[in-house]
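Structure, as structure tokens:
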């Protein structure tokens, strides 16, 4: 057409290209509002890199109709976590939970904050005994103090029942079975078991029923142990003097205090002594 090639010129944009304003990505909080549960952000897709901040606060009635992010952040509360998930503890019970998520772009620039607040407060979990431990074997007279681990609000008046059994504890026995079949000899947390007190029933089982401060009880937990006698010990020996009524002659009666399991056929030996000058007797 007779047209030659023209000269190429470079034109620069007259305005800066800015990143698009991010849309709402966090739709809610996923998880149960119960002590011991784990919460996380709920989203229809995977969240991009961002900053998490979990808070607990006492929600006021006037906050029910808030609309803006600034209104939602008016009562900041206490920051309880900065990870993507939050484990609810006893400290969070009675409080509402708020999640503040801030997206972070590749250059480090922060996007618009998104705030999600729970509709209800965190409640305490049901009372339960996590563990109950006592030594497998103890000597009589030793202090037995069960080590227990409780969960579910604040522990209240939990109970401890001790049962004596002729055989080792059968795991198939429930707390009701122990109550119906065996002798309950103590209802305190700590005991000093003595075989004369429990007879020949050397096997013990303790039933711990956890109780929350409001009186609600959890399922019982059972632990058991064997009580063994200590080495044969005579705590004291004494002699009592009485008079025969007919002949008016002295009658000597030996008295002992025995300690070590159940006393069997013990032997008393009598010796005639010749008193010395210093009061010590010479055995004859």
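The values are calculated or read from the model by the stated rules, or taken from the named source; none is laboratory data. These numbers come from a predicted model, not from an experiment. When we count neighbours, we look across all protein chains shown, and the Cβ atoms used for this are built from the backbone with ideal geometry, even at glycine.
Here are the numbers:
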| quantity | calculated |
| --- | --- |
| Strands (runs of 3 or more DSSP E) enclosed by the stretch 50-139 - at least 2 residues per element that are modelled with pLDDT under 95 and more than 21 Å from residue 28 (Cβ to Cβ) | 137-139 |
| Filtered residue count, the stretch 161-192, keeping only those that are closer than 28 Å to residue 91 by Cβ and either touching a helix residue (DSSP H, G or I) at 6+ places or on another chain (Cβ under 9 Å) or surrounded by 18 or more Cβ atoms within 10 Å (Cβ to Cβ) (or both) | 0 |
| Scan of the stretch 140-156 for residues that are at pLDDT 95 or above and either farther than 13 Å from residue 223 by Cβ or not in a strand (DSSP E or B) (or both), ordered by number | 145, 146, 150, 151, 152, 153, 154, 155, 156 |
| Residue 208 vs. criteria modelled with pLDDT under 90 and closer than 23 Å to residue 132 by Cβ | no |
| Meets criteria (farther than 23 Å from residue 123 by Cβ, at pLDDT 80 or above and over 40 Å from the mean Cα position of the chain (by Cα)) for residue 6 | no |
| Subset of the stretch 110-129 that is over 16 Å from residue 37 (Cβ atoms) and without any contact (Cβ under 8 Å) to a residue 60 or more places away in the chain - its residue that is surrounded by the fewest Cβ atoms within 10 Å (Cβ to Cβ) | 110 |
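The rows are residues; the columns are (1) touching a strand residue (DSSP E or B) at 6+ places or on another chain (Cβ under 6 Å); (2) assigned to a helix (DSSP H, G or I); (3) on the phi < 0 side of the Ramachandran plot.
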{"position": "161", "(1), (2), (3)": "yes, no, yes"}
{"position": "164", "(1), (2), (3)": "yes, no, yes"}
{"position": "169", "(1), (2), (3)": "yes, no, yes"}
{"position": "176", "(1), (2), (3)": "no, yes, yes"}
{"position": "184", "(1), (2), (3)": "yes, no, yes"}
{"position": "188", "(1), (2), (3)": "no, no, yes"}
{"position": "196", "(1), (2), (3)": "no, yes, yes"}
{"position": "207", "(1), (2), (3)": "yes, no, yes"}
{"position": "214", "(1), (2), (3)": "no, no, yes"}
